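The values are calculated or read from the model by the stated rules, or taken from the named source; none is laboratory data. All of these numbers come straight from a predicted model, not from anything done at the bench. Using ideal geometry, Cβ is built from the backbone for each residue, glycine included, and neighbour counts are taken over all protein chains shown.
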Amino acid sequence: MLEITGIDVFHGDLQAVWDVSLIIEGKGITTLIGSNGSGKSTVLATIAGLLKPVRGSISFDGVRIDTLPAHKIVDAGIAMVPEGRRLFREMTVMDNLEMGAITKRARQMKNETMAWIFDVFPILKERARQRADTLSGGEQQMLAIGRSLMSQPRLLLVDELSLGLAPVVVQKISQTLDEINKTKGIGIFLVEQNVVMALELAETGHIIENGRIVGTGKASELLASDQVRQAYLGMEGE
Amino acid sequence: MEFAQYITYGVINGSLYALVAIGLALIMGIMGIFNIAQGSLAMIAAYGSVLFFQHMKIDPFVSLALTLPGMFLVGVFMYLTMFMSMNKFDPGQKLRNSMLVSFGLVLIMETLATILWTANERTVTTAYSGTVMALGDLRIPYTGIATIILAIVVIFGLHFFLKHTTFGKSIWAVSQDHDCAMLMGINVKRTTLVAFGLGIALSAFAGAVVSLHTVSPAVGIDWTNKALILIVLAGVGSINGILFAGLLLGIVEALGVYLVGVHYTGVVGLLIFIIVLMLRPQGLFVRKAGV
Amino acid sequence: MVERKKGLVLAAAVIVALALVPFFTVREYVFSILCMLFLYVTLSQSWNILGGYTGQINVGQAAFFGMGALVARLLWVAGVPFYLSILAGGLGSVILAIIIGLPALKLRGHYFAIGTLAVATIAQITVGNILPGISFLPAQQMATYSLIPRYYVFLIIMAAALAVIYFTVNSRVGLGMEATRDDEEAAQMVGVNTFKYKMIAFLISSFFAGLAGGGFAYFNASYYWYLPFTLMWCFEPILIVFIGGVGSFLGPVIGSVCYVLLKELFALTLGEANLLIFGIVFILTILFFPKGVIGLPAKLRQLFYRRGNVVGR
């Protein structure tokens, strides 16, 4: 279970997140939705340790992690799929996966994990010796997910899964994420602009606006709520 | 036959150029730090070899066991005190500041070396200095053969390390995407520290070879000059390319000496430098332009 | 607009006042220090138009400074009138800049810096090989040597450099330069010919560096031919601009004043270890004031209102 308690986060001098508290259940799929610039990616970057909260704390399964450097947070069992995929472009698919398994624990299981990822995304096996920048957008997103899974996380953070991908591809990948969650019990915390996709995939949803949490509920209920329908789907309330 | 003799010297010189340039190329390509003190560090390492030989009769190739870790520690010290703080800058500012700081280091090392060891030239004279292998009419100094072998082993070894070992690959990953490397669990601080130390340690190889020729405090900047030409010829980010660029420059310079005389070797270097810049500005051994 | 006019009037007044100095003192020491100051203002401002305003870090300023000195000195010693020699020196630098700039300015970032530094080191070594000796003035020119005309030459070069660079960076061309510096790709996308602006900046920069070199050749009775090509001339202008503040017009002037005074102080008091201490101060300046003296107020403010929380980098 990931517990975020009252964090304030700054980008330089600008405050991007105000007093955000969230509880993310360990086994399920949770989403944080919000428009561009609402602070949702900042929350994710703070969990991953790229940014540090000025106030508040974050703990994972009872261990405080907001004081740890980013690479120790990976060690603690949280991996992130960054926005825009951020692959190591000049490296092969295999080498990218290897970079995901850099922590001591992950390195020991490297071959087994890689076999599992090739099982989940067979296309990556076909492309194993190709450079990452020769892959299609969808394949790159699969590789980015696979690379983060290499660290054997208990919680996977996903930043803007659907960015720049065709709807068919998004659907396929989100199904795969669902399977990974159900079969392996890896928790998923998804941050998305594509509100429908996110709320259909997740069990629990949170809404962030201007750096503050403004709504929380069961995903299916949020999807049906006036708040979401008006603000994000451009529909009038009933 | 004289012609072949010139080419032989060109190959030997070119190997030495490559040995000096490889550390600079690594640090620049991987970290975006422009360390123009690399030649001066090779000069300091060379004095290390000279002193070990004079006082303890240790052969320069043997004293590498001491100068390599020594230069690694120098690199670690340099990184922690000066270059690490530049990581927060954008690439242009990092380049400029690192270059200025390393120029300050050039001044310090040159002056210090002059005060400690005078401006006179020094050299190591071993039992094998001046001995040659005869191939027909061709005379190849044994030190030259050692230089060529060392350059090949060091540069291909480094290439292998970066492309085929996990730690090497993680250095490479950090250079491609610093933040994302952190997200993968790579200890970026430690990785960059070791990479920088390694780049500086490489100057010990060049130093050992230089000590068999001549060392003086002023040679540092000459070696840096050769290294810069090699990096432009090879292209930033190319490791193996450095060896080929070194051989190219060495051979072209030797041709220049053969054809127009020793005073104009610099001009010959300048000419191929400008020709490459015009025809293949991204370097001879790099696929894409833009750094 | 009013502010700007006031500034120009003030600048003109300072130049006129400097022109009157020889009527009040004849102390050679004052002249030679002022000559060096004018030289460094010219050289660093010429670096600034390319490095500060256009964002292209030229680490080879010595090549252009040296080229100006070499051409001017050769012609002048051969009997060509000095004003023609120094202009020829400036032109020589411009030609070198065209040869180097056409290929090099198409490249970004690291390449331009490495390329220009390589050109400068090659030029230094080559000139050192071909002309290893010292250049002496012929007896007849030595006999008429006086510091006053040197003083005016440096003053005129500096005034011209300041005026040309000021009006260039405050014109439409200057806007193009700054657009190129801030985001080259974005500028190209909206139709700015970034290469043109880089080239203009490079040509102006090299011309005044060449004139400053010509002044150097005129000033010194004897020097090693390679001396104006040494790498100090590459790094000094960068350090000066750096001390004063990059991309501001007054930065190089403030920087030059600080630099010349500091250098003089060290040379007078430290003897052999002069360059050693100089190197250390050089490094400390860059490490502790990475944005220059002009960034000092902002740095102090930051210390007092510490709120930044970005880590890891």
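If you go through region C:100-146 and pick out every residue that is farther than 18 Å from B:Pro91 by Cβ, among the polar types (S, T, N, Q) and more than 7 Å from chain B (Cβ to nearest Cβ), you end up with 6.
Summed over region C:96-151, residues that are surrounded by 15 or more Cβ atoms within 10 Å (Cβ to Cβ) and hydroxyl-bearing (Ser, Thr, Tyr) total 6. Of all residues in region C:16-50, exactly one satisfies the criterion of being among the hydroxyl-bearing types (Ser, Thr, Tyr), farther than 21 Å from C:Gly251 by Cβ and in contact (Cβ under 8 Å) with a residue 60 or more places away in the chain, namely C:Ser32.
Hey, any hits in region C:16-37 for a residue that's closer than 29 Å to C:Met232 by Cβ, modelled with pLDDT of 90 or more and either touching a Lys or Arg at 6+ places or on another chain (Cβ under 9 Å) or exposed (fewer than 10 other Cβ atoms within 10 Å of the Cβ) (or both)? The answer is yes, given that some residue of region C:16-37 is closer than 29 Å to C:Met232 by Cβ, modelled with pLDDT of 90 or more and either touching a Lys or Arg at 6+ places or on another chain (Cβ under 9 Å) or exposed (fewer than 10 other Cβ atoms within 10 Å of the Cβ) (or both).
Return the total of residues in region B:90-102 being at the interface with chain C (Cβ under 7 Å from one of its Cβ atoms) and modelled with pLDDT under 90. Give the steps one after another, and end with the answer.
Of region B:90-102, the ones at the interface with chain C (Cβ under 7 Å from one of its Cβ atoms) are B:91-92, B:95-97, B:99-101.
Retained after the next criterion (residues that are modelled with pLDDT under 90): B:91-92, B:95-97, B:99-100.
So the count comes out to 7.
Among the residues of region B:172-197, those that are more than 9 Å from chain A (Cβ to nearest Cβ), aliphatic (A, V, I, L, M) and buried (at least 22 other Cβ atoms within 10 Å of the Cβ) comprise B:Val174, B:Ala195. Please determine whether any residue of region B:111-121 is among the hydroxyl-bearing types (Ser, Thr, Tyr), closer than 20 Å to B:Gly75 by Cα and touching a Gly at 6+ places or on another chain (Cβ under 8 Å). Within region B:111-121, one or more residues are among the hydroxyl-bearing types (Ser, Thr, Tyr), closer than 20 Å to B:Gly75 by Cα and touching a Gly at 6+ places or on another chain (Cβ under 8 Å).
Of everything in region A:30-44, what is in contact (Cβ under 8 Å) with a residue 12 or more places away in the chain and either more than 13 Å from A:Leu2 (Cβ to Cβ) or among the polar types (S, T, N, Q) (or both)? Give them in sequence order.
Start the filter on region A:30-44 by keeping residues that are in contact (Cβ under 8 Å) with a residue 12 or more places away in the chain, which leaves A:30-36, A:38-44.
The answer is A:Thr30, A:Thr31, A:Ile33, A:Gly34, A:Ser35, A:Asn36, A:Ser38, A:Gly39, A:Lys40, A:Ser41, A:Thr42.
Yes or no: A:Ile7 within 18 Å of A:Phe189 (Cβ to Cβ), surrounded by fewer than 21 Cβ atoms within 10 Å (Cβ to Cβ) and β-branched (Val, Ile, Thr)? Answer is no for this residue.
Just to be sure, is B:Val106 more than 10 Å from chain C (Cβ to nearest Cβ) and either touching a residue at least 24 places away in the same chain (Cβ under 8 Å) or surrounded by fewer than 17 Cβ atoms within 10 Å (Cβ to Cβ) (or both)? Even if it seems obvious, please write down each step before you answer.
Numbers: more than 10 Å from chain C (Cβ to nearest Cβ): no; either touching a residue at least 24 places away in the same chain (Cβ under 8 Å) or surrounded by fewer than 17 Cβ atoms within 10 Å (Cβ to Cβ) (or both): yes.
So B:Val106 fails the test.
Selection of region A:146-155 for residues being more than 13 Å from every other protein chain (Cβ to nearest Cβ) and assigned to a helix (DSSP H, G or I) yields an empty set.
Selection within region C:72-86: residues that are of a type outside the set (Gly, Ala, Ser) and free of Cβ contacts under 8 Å to residues at least 40 places away in the same chain. The member of this set that is nearest to B:Ile229 (Cα to Cα) is C:Leu74. For region B:74-81, indicate whether the set of residues that are under 16 Å from the mean Cα position of the chain (by Cα) and either crowded, with 21+ Cβ neighbours inside 10 Å or within 14 Å of chain C (Cβ to nearest Cβ) (or both) is non-empty. Looking for residues that are under 16 Å from the mean Cα position of the chain (by Cα) and either crowded, with 21+ Cβ neighbours inside 10 Å or within 14 Å of chain C (Cβ to nearest Cβ) (or both), one finds at least one in region B:74-81, hence yes.
Kindly evaluate A:Ser174 against the criterion of being of a type in the set (Gly, Ala, Ser), under 20 Å from A:Leu32 (Cα atoms) and in a helix (DSSP H, G or I). Talk me through it step by step, then tell me what you get.
Numbers: of a type in the set (Gly, Ala, Ser): yes; under 20 Å from A:Leu32 (Cα atoms): yes; in a helix (DSSP H, G or I): yes.
Spelling it out, A:Ser174 is indeed of a type in the set (Gly, Ala, Ser), under 20 Å from A:Leu32 (Cα atoms) and in a helix (DSSP H, G or I).
Filtered by the rule that a residue be more than 13 Å from every other protein chain (Cβ to nearest Cβ) and of a type in the set (A, V, I, L, M, F, W, C), region C:226-257 gives C:Leu227, C:Phe249, C:Leu250, C:Val253, C:Ile254, C:Val257. Considering (1) in contact with a Phe, Trp or Tyr (Cβ under 7 Å, 6 or more places away or on another chain); (2) under 30 Å from C:Glu185 (Cα atoms), the lone condition that C:Trp76 does not fulfil carries the number (2). For first residues located in region B:159-171 and in contact (Cβ under 8 Å) with a residue 40 or more places away in the chain and at the interface with chain A (Cβ under 9 Å from one of its Cβ atoms), partners that are surrounded by fewer than 17 Cβ atoms within 10 Å (Cβ to Cβ) and assigned to a helix (DSSP H, G or I) and lie 6+ apart or on another chain with Cβ distances below 7 Å do not occur.
Annotation note: of A:Ile117, A:Ile123, A:Ile208, the sole residue that is of a type in the set (Val, Ile, Thr), surrounded by fewer than 17 Cβ atoms within 10 Å (Cβ to Cβ) and outside any loop (DSSP other than H, G, I, E, B) is A:Ile123. The helices (runs of 4 or more DSSP H) falling completely within region B:174-291 that include 2 or more residues that are under 30 Å from A:Ile102 (Cβ atoms), without any contact (Cβ under 8 Å) to a residue 60 or more places away in the chain and among the aliphatic types (A, V, I, L, M) map to B:178-183, B:188-201.
Name every residue in region C:195-238 that is β-branched (Val, Ile, Thr) and more than 26 Å from B:Gly220 (Cβ to Cβ), in order of residue number. First the steps, then the outcome.
Of region C:195-238, the ones β-branched (Val, Ile, Thr) are C:200, C:204, C:230, C:238.
C:Ile200, C:Ile204 - these are the residues of region C:195-238 that are β-branched (Val, Ile, Thr) and more than 26 Å from B:Gly220 (Cβ to Cβ).
Per the conditions (1) within 26 Å of A:Trp18 (Cβ to Cβ); (2) modelled with pLDDT of 90 or more, the sole criterion not satisfied by A:Ala231 is (2). A:Gln193 passes all but one of (1) at pLDDT 90 or above; (2) under 16 Å from the mean Cα position of the chain (by Cα); which number fails? Just one mismatch for A:Gln193, condition (1).
Can you find a residue that is surrounded by fewer than 24 Cβ atoms within 10 Å (Cβ to Cβ) and either within 13 Å of chain B (Cβ to nearest Cβ) or farther than 28 Å from C:Ala139 by Cα (or both) anywhere in region C:61-76? Step through it out loud before you land on a result.
Kept after step one, since they are surrounded by fewer than 24 Cβ atoms within 10 Å (Cβ to Cβ), are these residues of region C:61-76: C:74-76.
Of the ones still in play, those that are also either within 13 Å of chain B (Cβ to nearest Cβ) or farther than 28 Å from C:Ala139 by Cα (or both) are none.
Looking through region C:61-76, none of the residues is surrounded by fewer than 24 Cβ atoms within 10 Å (Cβ to Cβ) and either within 13 Å of chain B (Cβ to nearest Cβ) or farther than 28 Å from C:Ala139 by Cα (or both).
The residue list A:Val81, A:Val93, A:Val74, A:Val17 contains one member that is touching a residue at least 40 places away in the same chain (Cβ under 8 Å), crowded, with 24+ Cβ neighbours inside 10 Å and closer than 18 Å to A:Ile213 by Cβ, which is A:Val17.
The rows are residues; the columns are (1) within 25 Å of A:Glu98 (Cβ to Cβ); (2) surrounded by 15 or more Cβ atoms within 10 Å (Cβ to Cβ); (3) of a type in the set (A, V, I, L, M, F, W, C).
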position: A:Gln141; (1), (2), (3): yes, yes, no
position: A:Gly146; (1), (2), (3): yes, yes, no
position: A:Asp159; (1), (2), (3): yes, yes, no
position: A:Leu177; (1), (2), (3): yes, yes, yes
position: A:Gly187; (1), (2), (3): yes, yes, no
position: A:Val196; (1), (2), (3): no, no, yes
position: A:Thr204; (1), (2), (3): no, yes, no
position: A:Arg212; (1), (2), (3): no, no, no
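Kindly check whether there is at least one residue in region B:229-244 that is more than 11 Å from chain C (Cβ to nearest Cβ) and either more than 14 Å from the chain's Cα centre (by Cα) or among the basic types (Lys, Arg) (or both). Among the residues of region B:229-244, not one is more than 11 Å from chain C (Cβ to nearest Cβ) and either more than 14 Å from the chain's Cα centre (by Cα) or among the basic types (Lys, Arg) (or both), which makes the answer no.
Going through B:Thr143, B:Thr147, B:Thr126, B:Thr114 one at a time, which residue ends up being surrounded by 14 or more Cβ atoms within 10 Å (Cβ to Cβ), of a type in the set (Val, Ile, Thr), part of a loop (DSSP other than H, G, I, E, B) and in contact (Cβ under 8 Å) with a residue 24 or more places away in the chain?
Working: B:Thr143 fails: part of a loop (DSSP other than H, G, I, E, B); B:Thr147 fails: part of a loop (DSSP other than H, G, I, E, B); B:Thr114 fails: part of a loop (DSSP other than H, G, I, E, B).
Answer to the selection: B:Thr126.
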